[in-house]
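Please treat every number below as a calculation from the coordinates, not as lab data. What you see is a predicted model, and the numbers here were worked out from it, not measured in a lab. Methodologically, a virtual Cβ is constructed for each residue, glycine included, from the backbone with ideal geometry; neighbour enumeration extends over all protein chains shown.
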Amino acid sequence: MRAPLAVLPVAALALLLVAASEDSVPEPSDGLSGRDIYACVLRNRFDAYVQEAKLVSGDSGQSAQESRLRMTWKSFRDAEDKARAGVLSKTLVRYEHPFDLRFSGYLVINNETRSNDQFVYLAASRRIRRVNLRKEAVFGTDFTFEDIVPAEIEDADYRRLSDVVVDGRSVYVVEVVPKPHADSEYSRFVVYVPRENCVPVRTRYWDDKGVEVKELTVPFEAVKNFDGIHWPMQLTMRNLKLETFTTLTVENLEPNANLPDKDFEVRRLMSH
């Protein structure tokens with residue numbers, strides 16, 4: 001992670017926010033590198049969380065599709081910010097709607113120096129399989145699993161570009177180039193990060209042919225503060241080639257949830 005009428009105003013608003021005013025500002029003199037800025041983006045998260053979200057997809061013809069999922073994420077870094085047993089984090093995604101996919105899910109284990117381990121469980125077959133989720137869409141939406149599974153700083157190289165102004169606010173701009181072990185579907189992407197909260201309000205994605213294929217936007221007012229952690233409660237992904245979009249709305253969030261490591265064991269994919 002094809003769009004209902006109810007979502008169209010939200011998508012339109014998101015596009016207006018990023019298109020409103022994007023003017024270059026003088027070269028930065030604050031000494032921050034692209035890696036520094038993106039590290040702030042990745043630090044702006046909980047140690048663990050449970051999130052329930054609704055995804056509504058659409059196109060210019062106003063056809064609609066809705067899906068719901070529950071994402072459980074936990075950092076596996078130790079007190080020194082190092083990977084535990086080579087693992088940086090784990091993500092469990094489980095469908096809650098539509099009904100025929102209910103209880104089906106995915107487990108992504110983000111490793112420090114090698115490709116991620118990825119598993120899928122389909123409730124209909126009651127089998128767990130190792131898979132490669134590269135370019136795998138979240139049930140027909142414009143989001144892929146790479147778009148919704150939290151990244152790690154070790155996954156890419158970073159280059160700071162000139163700051164710009166978006167909707168009257170100065171934002172950092174960073175080019176992110178994924179490393180081979182990240183097995184990314186993108187050759188690069190560019191994030192636009194407000195200085196005040198480290199939540200990207202715009203992300204542009206290019207494929208391995210150098211074609212810009214997708215754009216993610218977050219309305220400024222959709223970013224909420226949870227005891228110092230700023231969290232986007234609504235995101236819209238546009239597929240520039242297909243002219244479709246999906247709006248993801250967070251309906252429930254449990255910050256810093258108490259999640260035992262065993263909750264992320266592969267066999268737990270089968271538990272309903």
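Here the 3J(HN,Hα) profile of the range 131-145, calculated from phi with Karplus coefficients 6.51, -1.76 and 1.60 at θ = phi - 60°, is 9, 10, 8, 4, 6, 6, 6, 7, 6, x, 8, 8, 8, 9, 5 Hz, Gly and Pro shown as x. The simple Förster model, with R0 at 30 Å and r as the Cβ-Cβ distance, assigns ASN132 and VAL165 a FRET efficiency of 0.15. Projecting label points 7 angstrom from Cα along Cα→Cβ for PHE220 and GLU254 puts them 3.4 nm apart.
The aspartates and glutamates whose alpha-carbon is closer than 19 Å to the alpha-carbon of LYS214, local same-chain residues fewer than 8 away aside, are GLU22, ASP59, GLU136, ASP142, GLU146, ASP147, GLU175, ASP183, GLU185, GLU243. The distance from the alpha carbon centre of the range 182-235 to that of the range 107-149 is 20 Å, rounded to a whole number. Summarising the amide proton neighbourhood of VAL138: residues at separation of 5 or more, or on other chains, whose placed amide H is nearer than 5 Å comprise PHE143, THR144, PHE145. About its Cα centre, the dipole of the range 18-165 is roughly 1080 debye, where the only charges are +1 on Lys and Arg Cβ and -1 on Asp and Glu Cβ. For the range 163-272, applying the loop criterion from DSSP together with a ceiling of 10 other beta carbons within 10 Å to the chymotrypsin sites (Phe, Trp or Tyr not before Pro) yields no site. Among the listed pairs LYS209/LYS241; LYS74/LYS135; LYS54/LYS241, which have their C-alpha atoms separated by more than 20 angstrom in this model? In this structure, LYS74/LYS135; LYS54/LYS241 lie more than 20 Å apart at Cα.
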